[in-house]
Amino acid sequence: MTSEQQFSIRREAREQATRVVVAGELDMVGAPSLEAAITELCETGAPEIELDLRELVFLDSRGVHALLRAREHCLEHASELFVIPAKARGPRKVLDLTGARELFAWRELPD
């Protein structure tokens, strides 16, 4: 596995929101970390969360499930969730094929 594919997650404090940047492969290895990060933000009252997928290169069914759980946690805690789409075609295609893409509020950012 190359360093580009290894899963990582980091938080960036923004003026209006907390940005959670997901990089590499979101699968059964990384999914629990993403769920934990979003759950913690929601439970501590984050009003707005940006889930930045621009550095995501791979997404499988467990990763899709983690994204859907993140959405549920935000809804349960009245946190707004916006998703910044992946640059890689694969993750975007998985979200399209599963129908999950329609469930999220998307935020496009300039390159």
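Of the labelled options [x] 13.7; [y] 14.2; [z] 17.7, which one gives Kirkwood radius over Cα pairs in Å as computed for this structure? Checking each listed value against the structure points to [x].
Here the chain is assigned +1 on the Cβ of each Lys and Arg and -1 on the Cβ of each Asp and Glu. Its dipole about the Cα centre then comes out at about 280 debye. Helices in the chain, meaning DSSP H runs of at least 4 residues, each add -39500 (n - 2.57). Divided by all residues, the mean residue ellipticity at 222 nm is -11000 deg cm²/dmol.
Relative to the current alpha-carbon distance between Leu75 and Leu97, full extension at 0.36 nm per residue lengthens the span by 5.6 nm.
What is the extension gain from Arg19 to Ser61, computed as 0.36 nm multiplied by their sequence separation minus the C-alpha to C-alpha distance, in nm to one decimal?
On the way: separation 42, 0.36 × 42 = 15.12 nm, distance 2.29 nm.
Stretched out fully, the Arg19 to Ser61 stretch lengthens by 12.8 nm.
Computed from label points 7 Å out along Cα-Cβ, the spacing between Ala88 and Asp27 is 1.0 nm.
At most 15 other Cβ atoms within 10 Å and a DSSP loop assignment: could you name the GluC sites (Glu not before Pro) in region 27-66 that fit? Before the final figure, lay out each step's value.
On the way: sites: Glu35, Glu40, Glu43, Glu48, Glu50, Glu55; in loops: none.
Hits after loop and neighbour filter: nothing returned.
Under a 5 Å amide H cut-off, with hydrogens placed 1.01 Å from N, Val57 pairs with Gly24, Glu25, Leu26 among residues at least 5 apart or on other chains.
Considering only alpha-carbon pairs that sit under 8 angstrom and 6 or more positions apart, the relative contact order computed for the chain is 25 percent.
Of all DSSP bridge pairs formed entirely within region 8-104, close to 30 percent run antiparallel.
Coordinate-derived values only; no laboratory data. A quick note: this is a predicted structure, and the numbers were derived from the prediction, not measured. Note: ideal-geometry Cβ built from the backbone for every residue, glycine included; neighbour counts use all protein chains shown.
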